[in-house]
Amino acid sequence: MTALLEMKDLKVRVEDNEILHGLTLTVNPGEVHAIMGPNGSGKSTLSHVIAGKPGYEVTDGQILFRGEDLLEMEPDERAAKGLFLAFQYPVEIPGVTTWNFLHTALNAQRKARGESQLSSPEFLKKVREVAKSLNIPQDMLKRGVNVGFSGGEKKRNEILQMALFEPAVCILDEMDSGLDIDALRIAADGVNALRSPDRAMVVITHYQRLLNYIIPDFVHVMSKGRVVKSGGKDLALELEASGYTQFEDAA
């Protein structure tokens, strides 16, 4: 089985500071990996480098996506290949309806893959079906992208994007940030509905509570730019009880 996502001895700098110090991680189809760690451990840096956000310099190592060199691809190429990043703080785009944004983005990806583009009626049928399956209100599609959305609505909008784009790998960067328990449960239900033997997910979080709802296959602890311990879902409970201090020496 070819791994979906492989990071090998990855070293990353931001200006003069090295943030990742030789990180190695392999993600296979169907797996859900949780990455936990304190602030400043490099979790969000990892997600940004995978997605291709500017400002991060990879000084050593590699990232492979289905065996291809991900670092040679532009961010839009990565998305078309099947990579999706759900942001910790989704941005607002005033003047652009969610419907129009999703239609344009999906057709851009289909065009990049050599697939036929969806007409407005075809897209409308598809997006309505997907929104209904995820219990997402139809009126959200008519509103500006994330404009005036609550934290929970922003996360549900990203889950709608994931369901439409059907990525092979979903990176969820602290999706529990700013959510109350009801919004968290709704967002997690949406994520769980998208779990598939062909799709992998990387869930980045500070807290164990998210993993009560999105049950991971593997949990990795990051400290000072490295993965210092890996285990099963019980590792998250151990972290909740004992904190991250024990891993600082290992880092």
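For the reader, a short list of remarks on this structure follows.
- Entries in Lys53/Lys229; Lys8/Lys229; Lys43/Lys126 that, when Cα-Cα distance is taken, lie over 25 Å: Lys53/Lys229; Lys43/Lys126
- Site pair Glu74 and Asn192 shows an inter-label distance of 4.0 nm when each label is modelled 7 Å from Cα along Cα→Cβ.
- Computed log10 I(q)/I(0) for the chain at 0.09, 0.10, 0.16 Å⁻¹: -0.39, -0.48, -1.24, from the Debye equation with unit scatterers placed on every C-alpha and solvent omitted.
- Span from the the range 111-179 Cα centroid across to the the range 188-249 one, whole angstrom: 24 Å
- Mean-square fluctuations from a GNM of the chain, with a 10 angstrom spring cutoff on Cα atoms, peak among Gly225, Gly82, Gly114 at Gly114.
- The aspartates and glutamates whose alpha-carbon is closer than 17 Å to the alpha-carbon of Lys155, local same-chain residues fewer than 8 away aside, are Glu92, Asp139, Glu166, Asp173, Glu174, Asp176, Asp180, Asp182, Asp189.
- Gaussian network model of the chain, Cα within-10 Å springs - most flexible of Pro121, Pro167, Pro75: Pro121
- Radius 14 Å from Cβ of Met140, net charge of other residues (Lys, Arg +1; Asp, Glu -1): +3
- Ile181-Lys132 FRET efficiency (beta carbon distance; Förster radius 30 Å; 0.05 resolution): 0.75
- Summed over qualifying helices (DSSP H, 4 residues or more, each -39500 (n - 2.57)) and divided by its residue number, the chain shows a 222 nm mean residue ellipticity of -10000 deg cm²/dmol.
- Neighbourhood net charge (12 Å Cβ-Cβ; Lys/Arg +1, Asp/Glu -1) for Phe87: -1
- Peptides 17-24, 67-74 ordered by average Cβ neighbours within 10 Å, highest first: 17-24, 67-74
- Label-point separation in nm, Glu238 to Thr59, each point 7 Å along Cα→Cβ: 3.1 nm
- With a Förster radius of 25 Å applied to the beta-carbon distance between Val14 and Arg66, the computed FRET efficiency rounds to 0.40.
- Coordinate range of the alpha-carbon atoms in the range 118-251 per principal axis, descending: 57, 32, 23 Å.
- The range 1-131: C-alpha gyration tensor shape, a/c 1.5 cut-off, then a/b vs b/c: prolate
- Each Cα pair under 8 Å and six or more residues apart adds its sequence gap; the mean of these over the residue count of the range 1-150 is a relative contact order of 22 percent.
- Extreme residue, positive dipole direction of the chain, given options Leu64, His48, Ala131 (C-beta unit charges): Ala131
- Cα centroids of the range 52-110 and the range 15-50: 16 Å apart.
Here, each number is a calculation from the coordinates, and none is a lab measurement. Just so you know, these numbers come straight off a predicted model, no measurement behind them. In this analysis, Cβ positions are derived from the backbone assuming ideal geometry, glycine residues included, and neighbour counts consider all displayed protein chains.
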